[in-house]
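Notes for the one structure printed next.
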Amino acid sequence: MGISRRAFVTSALAAAPAAALVTSVASTSSAAPATRAVGARAVGDVVGRITTGYQGWFAARGDQAPIDGWWHWSANWSQPPSPTNHALMSWPDMREYSNVYPTAFADLGGGGPATVFSSHDDQTVDVHFRWMREYGIDTAALQRFNPNGSEGPTRDDMAEKVRAAAETHGIKYYIMYDVTAWDDMQEEVKADWTAKMRSHIDSPAYAMQDGKPVVGIWGFGFNEPNKTWPPEVCQDVIDWFHAQDIYVMGGVPTHWRTGTQDSRPGFIEVYRSLDMLSPWMVGRLTNLADIEHFYQHVNTPDQAECDEHGMDYQPCVIPGDNSRRHRLHGDFMWRQFYNLTRIGVQGLYISMFDEYNEANQIAKTAETQADIPTDSGFLALDEDGTFCTSDYYLRLTGDGGRMFRGEIPLTEERFTPPGG
């Protein structure tokens, strides 16, 4: 079965809420120069840019994918998603997909069949990367879990499809290895890069930073039972990629700097050897007070640590779990854009583009109950009574990206209208 990062994040790891929300300051400052977000560091395809994690891991029976199943739509991939057999927490807006696949859910509230897309369809990937272009996302990090089992051929296909779509739409992309539950990761990651994924750096769309191809590795140092490698194993993999002249981005625990809570102790030198650090935030932030707590006690000292050791800092920005009513019709996400931009971080990582399994997606989503199967129990984007267009979190990401890149003034108050 598939792997979800949420399965290995417990609520105990979330930060203690701040005692009180920090008092608002002036809503708008004077426009800052375009280098605001990166300081003296050179802008590339990840520094000074908005990157989004791209799962690309949905399939359906009949889509010609090698996996031949309802990959990540269902709990049991041999059966279509239904009220008793699904892996979802949110429902996509299906209006722009030409190839759709019927599910075992009831019809939508407004009528019409409940269908889903397949990431294996070229048209789906093309739509997603067109959205990235239209809404100002610079770079996509294609998630690559262990490709040595039954999922491998489909993941290989997805890498080629992402390459084609990125080249078509002028989006940069890079391979991001998620090593969750990858027992023989140390040698198999190297072999996979050498035999398969390295060929992607020939693409004009492949992300480069400081003149080097970018590779992401997500999962080193996490205090979780499916990530038990000692520091020396993780260091060996990083050193190997550096020897290939690769710029290594690391998806690291939230508390990497202190080596506590979600981080194993003894990994600080491993973390410091990365070119860019991106601490994971899904499951850590649930309200505005949490965001202010992390701004003061985690993000700001993280940036100081990165500055001291010459690392680029790329914290996550999350739209919020729509199934748990975290989003506050955009205020939750905008506060992160504002706080991280004023810190002066080197990049922002949107978690995630198409993560309907965890309800943290920014891709187009059902607007109202009219767009959701009547027997699903899912929430739409209007869950708090505020109507939001299906593309609202893409639009919000676009505006947050413009602020981050210094193209518009630093603005505390969200100005992106939910209704379009």
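Values as computed for the structure displayed
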| quantity | calculated |
| --- | --- |
| PHE129 being surrounded by 15 or more Cβ atoms within 10 Å (Cβ to Cβ), out of contact with any strand residue (DSSP E or B) (no Cβ under 6 Å at 6 or more places or on another chain) and touching a residue at least 40 places away in the same chain (Cβ under 8 Å) | yes |
| Residue list for the stretch 74-88, restricted to those being surrounded by 17 or more Cβ atoms within 10 Å (Cβ to Cβ) and closer than 20 Å to GLN369 by Cβ | PRO81, SER82, HIS86, LEU88 |
| Residues within the stretch 263-281 that are in a helix (DSSP H, G or I) and either farther than 23 Å from PRO213 by Cα or open to solvent by less than 10 Å² (accessible area, probe 1.4 Å) (or both), tallied | 3 |
| Matching residues in the stretch 219-230 - criterion: being of a type outside the set (S, T, N, Q), more than 10 Å from THR180 (Cα to Cα) and surrounded by 18 or more Cβ atoms within 10 Å (Cβ to Cβ) | GLY221, TRP229 |
| Any pair with Cβ under 6 angstrom, 6 or more apart, that starts in the stretch 106-124 at a residue that is closer than 11 Å to THR374 by Cα and ends at one that is of a type in the set (Val, Ile, Thr) and open to solvent by 20 Å² or more (accessible area, probe 1.4 Å) | ALA106/THR374; GLY109/THR374; ALA114/THR103 |
| Which numbered condition ASP245 fails, given (1) out of contact with any strand residue (DSSP E or B) (no Cβ under 6 Å at 6 or more places or on another chain); (2) closer than 23 Å to TRP193 by Cα | (1) |
| Qualifying residues in the stretch 368-400 (those that are out of contact with any Lys or Arg (no Cβ under 8 Å at 6 or more places or on another chain) and among the small types (Gly, Ala, Ser)) - the one nearest to ARG95 (Cα to Cα) | ALA370 |
| Among residues of the stretch 89-105, those that are of a type in the set (A, V, I, L, M, F, W, C) and surrounded by fewer than 22 Cβ atoms within 10 Å (Cβ to Cβ), counted | 4 |
| Unique match (being free of Cβ contacts under 8 Å to residues at least 40 places away in the same chain and in contact with a helix residue (DSSP H, G or I) (Cβ under 7 Å, 6 or more places away or on another chain)) among VAL282, VAL237, VAL248 | VAL248 |
| In the stretch 164-177, the residues that are closer than 16 Å to THR52 by Cβ and open to solvent by 10 Å² or more (accessible area, probe 1.4 Å) | HIS169, GLY170, LYS172 |
| So LYS196, is it more than 30 Å from PHE294 (Cα to Cα), touching a residue at least 60 places away in the same chain (Cβ under 8 Å) and not aliphatic (A, V, I, L, M) | no |
| Residue check for THR154: farther than 21 Å from GLU355 by Cβ, touching a residue at least 24 places away in the same chain (Cβ under 8 Å), out of contact with any Gly (no Cβ under 9 Å at 6 or more places or on another chain) and not in a loop (DSSP other than H, G, I, E, B) | no |
| Exclusive hit being modelled with pLDDT of 95 or more, open to solvent by 10 Å² or more (accessible area, probe 1.4 Å) and either among the small types (Gly, Ala, Ser) or part of a loop (DSSP other than H, G, I, E, B) (or both), set GLY56, GLY111 | GLY111 |
| Checking VAL214 against (1) part of a helix (DSSP H, G or I); (2) aliphatic (A, V, I, L, M); (3) open to solvent by less than 10 Å² (accessible area, probe 1.4 Å); (4) touching a residue at least 40 places away in the same chain (Cβ under 8 Å), the condition it does not meet | (1) |
| Test: residue in the stretch 220-240 that is under 21 Å from ARG49 (Cβ atoms) and outside any loop (DSSP other than H, G, I, E, B) | no |
| Test: residue in the stretch 401-409 that is of a type outside the set (S, T, N, Q), closer than 20 Å to ARG133 by Cα, part of a helix (DSSP H, G or I) and open to solvent by 10 Å² or more (accessible area, probe 1.4 Å) | yes |
| Output for the stretch 406-420, where each listed residue is touching a residue at least 24 places away in the same chain (Cβ under 8 Å) and either within 24 Å of ASP371 (Cβ to Cβ) or within 19 Å of the chain's Cα centre (by Cα) (or both) | ARG414, THR416, PRO418, GLY419, GLY420 |
| Qualifying position, being within 21 Å of the chain's Cα centre (by Cα) and open to solvent by less than 40 Å² (accessible area, probe 1.4 Å), among ASP156, ASP192 | ASP156 |
| Filtered residue count, the stretch 320-367, keeping only those that are in contact with a Cys (Cβ under 9 Å, 6 or more places away or on another chain) and open to solvent by 20 Å² or more (accessible area, probe 1.4 Å) | 2 |
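The values are calculated or read from the model by the stated rules, or taken from the named source; none is laboratory data. Since this is a predicted model, take the numbers as computed values, not measurements. Glycine also receives a Cβ, built like all others from the backbone with ideal geometry; neighbour counts cover every protein chain displayed. With ligands, DNA and RNA removed, areas are computed over all heavy atoms of the protein, side chains included. Shrake-Rupley method; radii C 1.70, N 1.55, O 1.52, S 1.80 Å.
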